Amino acid sequence: MDLVIRNASQVLTCTRPDLEAPYTGQDAGELGLTTGGVAIEDGRIAAVGPDVDGMDGKQVIDAQGGVVLPGFVDCHTHAVFHGSRADEFELRAQGTPYQEIARRGGGIRRSMELLREATDEQLEESVRKHLDWFLQAGTTTIEAKSGYGLSLEDELRSLRALGIDHPVEVTRTCLAAHSVPPEYEGDTRGYLEMVANEIYPAVLAEGLARYCDVFCETGVFSFYESQLIMEAGRELGLRPRIHADQLSRTGGARLACRVGAISADHIEFISKEDAVAMRDEGVIGVLLPAANHILDQDERPPARAMIGVRCPVAVATDFNPGSAPVFSMPLTLNMACVRFGLTVAEAIVGATMNAACAIERQDEIGSLRVGKQADVLVCDVTDYREIAYYAGRDPVSVVVKRGVVRKERGSPRAAR
């Protein structure tokens with residue numbers, strides 16, 4: 001064996017023998033709990049479980065009674081941006097609403113200005129820094145959106161920057177329909193036509209994205225405008241995703257069902273009936289507790305009702321410079337439990353197997369199954385619940401991506 005991780009008190013395989021699909025209902029917290037460890041060969045998982053404790057390899061990592069689990073999959077991020085909006089964080093802390101900050105020229109428009117001013121090299125440096133942060137916190141795969149360029153040139157630059165060589169794998173989404181840029185102010189339809197007729201074809205010509213996305217929200221893009229741009233992307237070959245029902249009830253989740261979106265994200269204002277519709281149409285509900293926390297929203301997704309009706313649920317950070325400057329999945333798991341009422345097991349499954357399903361990568365990542373890509377974490381805790389319990393602490397001691405150790409510190413230690 002190339003690499004053997006052994007002596008774990010708990011191994012969370014996040015697998016079921018009969019299912020390689022989103023876990024729902026009573027199975028939403030299916031951790032596939034065992035002991036022992038993981039053996040890796042040629043970048044793939046070769047063995048999992050108690051028998052691994054007796055194996056040897058070219059490299060051996062002693063988990064020292066820690067917890068082993070799949071690498072986190074962050075299925076909703078805005079990882080390509082330049083600069084920060086820390087001043088807006090302070091304004092919100094003093095009581096200024098997000099919508100008011102946006103009206104003053106902040107929010108997405110401010111990030112647009114910063115990105116457009118950045119050189120290609122600066123954009124790539126920012127993306128690399130952000131991916132480094134993800135990796136150190138145990139995230140081995142992300143979905144990342146454009147959406148701060150809002151022009152043909154700058155949307156393409158953003159998506160290209162997300163294609164840099166880095167251990168963290170990136171699934172790219174074109175979110176040109178994030179906001180209306182100033183040059184199209186008062187002409188929303190004209191902007192959406194430009195996105196559909198110029199940006200999407202150029203993105204596809206370069207193979208820069210697999211998905212398209214839209215911010216369906218009051219004061220941004222209406223239900224019908226969102227439908228038009230999602231259908232335009234779908235007809236060209238981009239599968240839709242949607243920012244749905246975050247700040248108000250816009251019908252975004254139902255729209256996701258109508259157009260065959262892979263996911264509806266945020267969903268603070270959906271109903272139990274919406275969740276049933278999502279379940280029936282195979283739409284995954286992506287919960288983003290960090291944004292809900294940073295914006296201090298009173299409204300929260302009906303997570304328990306969603307699980308009750310067997311609607312698939314994933315968990316992601318929504319890492320972005322405004323409403324969720326949070327890259328740590330362990331911290332996000334804590335928020336998912338505290339704010340949304342998930343169990344720790346449900347939150348972990350939501351950030352591994354179900355998140356992999358939300359980017360259609362479940363055959364390769366998201367669980368520790370023999371034959372899958374070897375993306376593995378070792379956490380220096382003895383009970384998986386401690387990963388979310390110690391809020392703000394980094395529990396990830398070892399990160400393995402495609403069978404290669406990318407992070408290793410302190411305890412657990414390499415045996416040789």
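The values are calculated or read from the model by the stated rules, or taken from the named source; none is laboratory data. Keep in mind it's a predicted model, so treat the numbers as computed, not measured. Here the Cβ is made from the backbone with ideal geometry for all residues, glycine too, and neighbour counts use every protein chain on show. Calculation scope for accessible area: heavy atoms of the full protein, side chains included, ligands and nucleic acids excluded. Shrake-Rupley method; radii C 1.70, N 1.55, O 1.52, S 1.80 Å.
So that you can scan it fast, the table gives a plain yes or no per residue for (1) closer than 16 Å to residue 150 by Cα; (2) in contact (Cβ under 8 Å) with a residue 60 or more places away in the chain:
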position: 166; (1), (2): no, no
position: 173; (1), (2): yes, yes
position: 176; (1), (2): yes, no
position: 181; (1), (2): yes, yes
position: 188; (1), (2): yes, no
position: 200; (1), (2): yes, no
position: 207; (1), (2): no, no
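Within region 246-267, residues that are under 21 Å from residue 98 (Cα atoms) reach partners that are assigned to a strand (DSSP E or B) and of a type in the set (Gly, Ala, Ser) with beta carbons closer than 7 Å, at six or more positions or on different chains, in the pairs 252/244; 252/264; 265/244; 266/244; 267/244; 267/285. For region 1-43, name all the residues that are part of a strand (DSSP E or B), open to solvent by less than 40 Å² (accessible area, probe 1.4 Å) and hydrophobic (A, V, I, L, M, F, W, C). Passing the criteria: 3, 4, 5, 8, 11, 12, 38, 39, 40.
For region 113-134, the set of residues classified as open to solvent by less than 10 Å² (accessible area, probe 1.4 Å) and touching a residue at least 60 places away in the same chain (Cβ under 8 Å) consists of 130, 134, listed by residue number. Mind listing just one residue for me: the one in region 378-410 that is touching a helix residue (DSSP H, G or I) at 6+ places or on another chain (Cβ under 9 Å) and among the aliphatic types (A, V, I, L, M) and, of those, most open to solvent (accessible area, probe 1.4 Å)? Among those residues, the one meeting the criterion is 391. On the stretch given as region 297-320, residues that are part of a loop (DSSP other than H, G, I, E, B) and either surrounded by fewer than 24 Cβ atoms within 10 Å (Cβ to Cβ) or on the phi > 0 side of the Ramachandran plot (or both) total 8. The sole residue among 202, 196, 177 that is farther than 27 Å from residue 328 by Cβ and surrounded by fewer than 17 Cβ atoms within 10 Å (Cβ to Cβ) is 202.
I need the full set of residues from region 84-107 which are touching a helix residue (DSSP H, G or I) at 6+ places or on another chain (Cβ under 7 Å), open to solvent by less than 40 Å² (accessible area, probe 1.4 Å) and either closer than 21 Å to residue 134 by Cβ or not charged (D, E, K, R) (or both), in order please. 85, 101, 106, 107 - these are the residues of region 84-107 that are touching a helix residue (DSSP H, G or I) at 6+ places or on another chain (Cβ under 7 Å), open to solvent by less than 40 Å² (accessible area, probe 1.4 Å) and either closer than 21 Å to residue 134 by Cβ or not charged (D, E, K, R) (or both). Every condition in (1) out of contact with any His (no Cβ under 9 Å at 6 or more places or on another chain); (2) open to solvent by 10 Å² or more (accessible area, probe 1.4 Å); (3) of a type outside the set (Phe, Trp, Tyr) holds for residue 284 except the one numbered (2). Among the residues making up region 44-83, a single one is among the charged types (D, E, K, R) and either open to solvent by less than 10 Å² (accessible area, probe 1.4 Å) or closer than 19 Å to residue 135 by Cβ (or both): 74.
No other residue among 294, 270 is over 20 Å from residue 211 (Cβ atoms), buried (at least 19 other Cβ atoms within 10 Å of the Cβ) and touching a residue at least 40 places away in the same chain (Cβ under 8 Å) apart from 294.
All of (1) among the acidic types (Asp, Glu); (2) within 20 Å of the chain's Cα centre (by Cα); (3) closer than 25 Å to residue 62 by Cβ hold for residue 380 with one exception: (2). Restrict the check to region 98-117 and report whether at least one residue is closer than 27 Å to residue 378 by Cα and not hydrophobic (A, V, I, L, M, F, W, C). Within region 98-117 (the criterion being closer than 27 Å to residue 378 by Cα and not hydrophobic (A, V, I, L, M, F, W, C)), the answer is no, since none of the residues qualifies. Looking only at region 345-377, which residues are under 22 Å from residue 264 (Cα atoms) and either open to solvent by 20 Å² or more (accessible area, probe 1.4 Å) or acidic (Asp, Glu) (or both)? Selection gives 346, 360, 361, 362, 363. Against the conditions (1) out of contact with any helix residue (DSSP H, G or I) (no Cβ under 6 Å at 6 or more places or on another chain); (2) free of Cβ contacts under 8 Å to residues at least 60 places away in the same chain; (3) farther than 21 Å from residue 360 by Cβ, residue 308 satisfies every one except (2).
Against the list (1) at positive phi; (2) surrounded by fewer than 24 Cβ atoms within 10 Å (Cβ to Cβ), the condition residue 245 fails is (2).
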